[in-house]
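The structure under discussion appears below in the form of structure tokens.
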Amino acid sequence: MRLARLGFVPVLGLLPLLGLGCSGSEPPTPRGGYTMNFADPGIDCAAPGHLAVLGEVSAGQKVRLVTDGEDDVTVDCSVSGSGTFSVSAMAKNPAEASDIRVKIDSIAPAATKDAPATGDIAFSSAKTGGQTFYSDPAAPCKFWFEGKQGVDAGKIWVGFECPAMLNEGETCQLRLGVLAFDGCGG
């Protein structure tokens, strides 16, 4: 009974209520989209050139990003930081047999085509015969922002190109690419 006089009972009585403020809302569901040209630069690329698309995204518009789980598409991403950001993203579309994986260790909102960030992409599709092509570590992919594009914690919308995508002696390219991810954890 002396505990009540010291104020412990009211505090203990509030413990169940303290938990109510700790439960946050559900994290957002990741969404993603891209448009890019898988190209034969005339070197040694046996895979046919083709346009690869998920959702509807371009350099100037994000019309529709595909939500993780929509039409059996898997989207997972992390965009973290402040000032500069670290990006890890993937989108797998069984309907197109396509899979893209993106890794940018450091990208600042000021990245431009003339002063881009660098990173890595792995890409495969039905038109690559299911073979995965990896960006060349000696000539990494370049990422930049134009117009409304940008990066912030949990989201990115960025242009890119990969001068050399490699697979077992083949060298192809990714040209005029744009990708967007949001709802990304950090």
Selection from segment 44-100 of residues small (Gly, Ala, Ser) and part of a strand (DSSP E or B) yields ALA52, SER78, SER80, GLY81, SER82, SER86, SER88, ALA89, ALA91, SER98
Taking segment 46-80 and keeping only residues that are surrounded by fewer than 15 Cβ atoms within 10 Å (Cβ to Cβ) and more than 16 Å from ASN93 (Cα to Cα), one is left with ALA46, PRO48, GLY49, SER58, GLY60, GLN61, VAL63, SER80
Going through segment 37-65 in order, the residues found to be among the polar types (S, T, N, Q) and in contact with a Ser or Thr (Cβ under 8 Å, 6 or more places away or on another chain) are SER58
Of the residues in segment 73-85, those that are touching a residue at least 60 places away in the same chain (Cβ under 8 Å) and either more than 20 Å from GLU146 (Cα to Cα) or more than 8 Å from the chain's Cα centre (by Cα) (or both) number 7
Given (1) crowded, with 16+ Cβ neighbours inside 10 Å; (2) within 25 Å of THR171 (Cα to Cα), PHE85 misses just (2)
**OP:** Answer yes or no: is there a residue in segment 86-103 that is of a type in the set (Ser, Thr, Tyr) and touching a residue at least 60 places away in the same chain (Cβ under 8 Å).
**Re:** no
Picked from segment 101-131 (must be in a loop (DSSP other than H, G, I, E, B) and buried (at least 16 other Cβ atoms within 10 Å of the Cβ)), the residue modelled with the lowest pLDDT is SER125
Filter segment 174-186 for residues that are surrounded by fewer than 20 Cβ atoms within 10 Å (Cβ to Cβ) and farther than 14 Å from ILE107 by Cβ; the one that is modelled with the lowest pLDDT is GLY185
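The values are calculated or read from the model by the stated rules, or taken from the named source; none is laboratory data. It should be emphasised that the depicted structure is a prediction, and the values quoted were computed from it without experimental measurement. Here Cβ is always computed from backbone atoms with ideal geometry, including for glycine, and neighbour counts include all displayed protein chains.
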